[in-house]
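Written below as structure tokens is the structure these notes are about.
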Amino acid sequence: MRELEKMTRGLDYHINDEELREIRYQTRDKVDEFNALSARQTPEKDALVRTIFGEVGSNVHFEKGMRIDYGINTTLGNNVFINFNFVLLDCAPVTIGNNVFIGPDVQIYTAQHPLDIDLRREHIGSARPVSIGNDVWIGGGCVILPGVTLGDGCTIGAGSVVTRSVPAGTVACGNPCRVIPRNAQTL
């Protein structure tokens, strides 16, 4: 089994496998090209986004600086807005639904490294998927960790570190991120 297949299936894999390195290099070259474009070069930016990611819906907008690990493992729905300085480590599949707004400085991680020192020295990794439902709003500065699902219609408060899945239709914030009871929510 190829290391790419192991990686996307959540199995242990060799991070520095030649094929994986080449995919990362190609993706980073495209991301660097995207980041070098002017804000007004919308058609060129859109075309590059469509070559970076596995699937891209309509009306998807990225602000510049983005940093993407693989890209090919990520699916973006329709009407997605991703603000400045987005980081995506998509070793496992990442699904971003429709009508999703992601604030500046948000980081999404699927990559995991072993706690065992010897395995880390061998550059062994694993990954767990991240799923973001429809109509989700993620505030600036959030970190979404491996294996997290954000349910449809949830809101994640700025600066949150999301270590567990968040149910649909809820508001959650903090470090670690926790659901806020409806009677405690204020605007």
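Residues in the stretch 156-164 carry Karplus couplings, in order, of 10, x, 3, x, 6, 10, 8, 9, 9 Hz; the curve used is 6.51 cos²θ - 1.76 cosθ + 1.60 with θ = phi - 60°, and Gly or Pro positions show x.
I want the antiparallel fraction of DSSP beta bridges within the chain, as a percent rounded to 5. Bridges in the chain are about 15 percent antiparallel. Dividing the summed -39500 (n - 2.57) terms of all DSSP H runs of n ≥ 4 by the residue count of the chain sets its mean residue ellipticity at 222 nm at -6500 deg cm²/dmol. Mean-square fluctuations from a GNM of the chain, with a 10 angstrom spring cutoff on Cα atoms, peak among Thr170, Thr42, Thr74 at Thr42.
Between Ile117 and Glu19, the simple label model (points 7 Å from Cα in the Cβ direction) yields a spacing of 3.3 nm. Ranked from largest to smallest solvent-accessible area, with a 1.4 Å probe on the protein heavy atoms, Asp69, Asp17, Asp152 come out as Asp152, Asp17, Asp69. Taking Ile117, Ile102, Ile138 as the candidate residues, the one with maximal mean-square fluctuation in a Gaussian network model of the chain, Cα springs under 10 Å, is Ile117.
Rounded to the nearest 5, the antiparallel percentage of DSSP beta bridges internal to the stretch 98-169 is 15%.
Among Ile156, Ile124, Ile52, the largest mean-square fluctuation in a Gaussian network model of the chain, built with springs joining Cα atoms closer than 10 Å, belongs to Ile124.
Just report the Cα centroid separation between the stretch 95-156 and the stretch 11-71, whole Å. The stretch 95-156 and the stretch 11-71 have Cα centres spaced 17 Å from each other. For the stretch 133-145, putting each phi into the Karplus relation 6.51 cos²θ - 1.76 cosθ + 1.60 with θ = phi - 60° gives couplings of x, 7, 6, 9, 10, 10, x, x, x, 7, 10, 9, 8 Hz, in residue order, rounded to whole numbers and with x for Gly and Pro. Mind checking the stretch 16-77 for trypsin sites (Lys or Arg not before Pro) that DSSP puts in a loop (not H, G, I, E or B) and that have at most 16 other Cβ atoms within 10 Å? Passing both the DSSP loop test and the Cβ count: Arg40, Lys64.
Amide H to amide H, with H built 1.01 Å from N, Val171 comes under 5 Å of Thr155, Ile180, counting only residues 5 or more places away or on other chains. Distances between placed amide hydrogens fall under 5 Å for Gly147 paired with Arg128, Val130, all partners being 5 or more residues away or on another chain. Placing a pseudo-label 7 Å from each Cα along the Cα-to-Cβ vector at Thr51 and Asn175 gives an inter-label distance of 3.8 nm. Summed over all non-identical Cα pairs, the Kirkwood treatment of the stretch 36-138 gives a radius of 14.4 Å. Overall shape: prolate for the stretch 84-187, with the ratio a/c of the largest to smallest alpha carbon gyration tensor axis at 1.5 or above and a/b above b/c. A full extension of the chain between Ala168 and Asn59 corresponds to an added length of 36.9 nm, given 0.36 nm per residue minus the alpha carbon distance. What the chain shows is 51 Å² of accessible area per residue, with the surface traced by a 1.4 Å probe over protein heavy atoms. Relative to the Cα centre, the charge distribution of the chain, modelled as +1 at Lys and Arg Cβ and -1 at Asp and Glu Cβ, gives a dipole magnitude of about 540 debye.
The values are calculated or read from the model by the stated rules, or taken from the named source; none is laboratory data. As the structure is a prediction and not an experimental result, all values here were calculated from the model. Cβ atoms come from the backbone with ideal geometry, glycine included; neighbour counts cover every protein chain shown. With ligands, DNA and RNA removed, areas are computed over all heavy atoms of the protein, side chains included. Shrake-Rupley method; radii C 1.70, N 1.55, O 1.52, S 1.80 Å.
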